[in-house]
């Protein structure tokens, strides 16, 4: 069951990236940044106990890791686009 869900998520992610491109990646990145900002704003009221601070810190660290991953995927997308463009230009000049 997990394998089916993972395969479906990968297929959908690839389809969205292929059809929406940078808009898809930018939307995901913006959503992650908004989530991180909301978490940071929540820190002010959560400093009451050490447990809350640890929970919020863990969530913020996870969101930061997701943002790093998203930026890396955006970089890979850009590099693939540039590579394909260069290949098309080489094919035309040959």
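Where a number appears in this text, it was derived from the coordinates with a stated rule and is not lab data. These figures come from a predicted structure and were not determined experimentally.
Taking the longest Cα principal axis of the chain as reference, the axis of helix 50-93 is set at about 10 degrees. With distances taken between every two different alpha-carbon atoms, the chain has a Kirkwood hydrodynamic radius of 16.0 Å.
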